[in-house]
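What follows is one structure encoded as structure tokens, with my remarks underneath.
What follows draws every value from the coordinates through simple rules; no lab data is involved. This one's a predicted model, so the numbers in the text were calculated from it and none came from an experiment. All Cβ positions, even for glycine, are placed from backbone atoms using ideal geometry, and neighbour counts span all protein chains on display.
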Amino acid sequence: MAILLSLEVRAQYDAAFGHYWALQPYYNPAASGLSGQINVQGVYSMQMVGFEDAPKTMLVSGDLPLFFISPSHGAGVGFLNDNFGLFSNKEIFLQYAYHQKLWGGRLSAGVRASLLNNTFDGSDVDLGDSGDPAFPTSQMDGTAFDLGFGLRYTHKDVWYAGLSGMHVMSPTISLGDEKNYEEQVKGTFYATGGYTHKFRQPAYKLYTSAILRTDFQNWRADLTARLAYTGTKHKLYGGLGYSPTNSVSVLFGLNFHGIDIGYSYEIYTGGIGALHGTHELVVGYQTDLNLFKKGKNKHQSVRLL
């Protein structure tokens, strides 16, 4: 039963994170290196808690501008591990982005190259006495190469909009030594956007964002609003998220010394109960990287003071 529930939630191959607005390079390679900083992030999601073999997802990623070439270039790398039921999906990806100033903002284009690895653990399948050969009884895995792309426009720090496509090759992953079992990964397309409202009190800002994902058979949309406070030494935020026909979420987080910590709890509206939602924790770190900053490594002799 847990396997069937997991498959229904995971009709699309990619993970659906509540902190999608903080993980933009994962959903759109064009965002790689856009912040001008080294950006390292990790997120762990426990979905449908309380059910046996419920989905668990981990993502570790990083991106940075390629200043040794030009600030217009960015790169990123990441690793995803997604476990649900008897299935395990892994993805290792590299991505590149180019950023060009345009109309007072920046137009970005990016590409992603991925290696997908899918595993099915048939050793836990209970067939009783049927011995149906259609069900494997041992662990099998397979790999495939994949590509993705993205476009994004950012207007200063006010708003952004992006389009991206993942698994555009729709690869078929063959499992087992004899390749008797196959799984096709459908292409998934994303539309993202966000707007920042600035109050008269500069310490407060309202961030609104949205994401729509579809493989043209299934779809999911998420809307999020976060009220943020910026103090002298730290930042705080709290907000709400809503996914039509799927869930509502509460989220909060803080930033200190370049470290971001965020948490969200997603409550499904499909009737499985508020206590069987999704816990999600995200940790990030950002720091400046400018190898050509004026005055870097500049020293003055004490004899000439």
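3J(HN,Hα) along the range 248-254, derived from phi through the Karplus expression 6.51 cos²θ - 1.76 cosθ + 1.60 where θ = phi - 60°, amounts to 10, 9, 10, 8, 7, x, 8 Hz, with x in place of Gly and Pro.
Whole-percent P(r), the range 101-252, all Cα pairs, 5 Å bins from 0: 2, 8, 12, 12, 13, 13, 13, 9, 7, 5, 4, 2, 1, 0, 0.
Cα centroid separation, the range 17-49 to the range 60-117: 10 Å. Over the chain, the pair-distance histogram of Cα-Cα distances with 20 Å bins from zero comes to 29, 54, 14, 2, 0 percent, rounded to whole numbers. In terms of packing, defined here as the mean over residues of other Cβ atoms within 10 angstrom, the peptides 17-24, 90-97 line up highest first as 17-24, 90-97. Local charge for Tyr153 was computed over the other residues whose Cβ lies under 12 Å away, with Lys and Arg +1 and Asp and Glu -1, and equals +4.
Taking θ as phi - 60° and the Karplus parameters 6.51, -1.76 and 1.60, the scalar couplings of the range 200-217 work out to 5, 7, x, 6, 10, 9, 10, 9, 10, 8, 8, 9, 10, 10, 7, 10, 6, 10 Hz in sequence order, x denoting glycine and proline. Considering only Leu240, Trp219, Thr196, and ranking their Cα positions along the charge dipole of the chain that arises from unit charges at the beta-carbon of Lys, Arg, Asp and Glu, the one farthest toward the positive end is Thr196. Close Lys pairs in the chain, defined as Cα atoms under 18 Å apart and 8 or more places apart or on different chains, number 8. Both radii come from the Cα set of the range 47-131: Rg as radius of gyration, Rh as Kirkwood radius; their ratio Rg/Rh reads 1.24.
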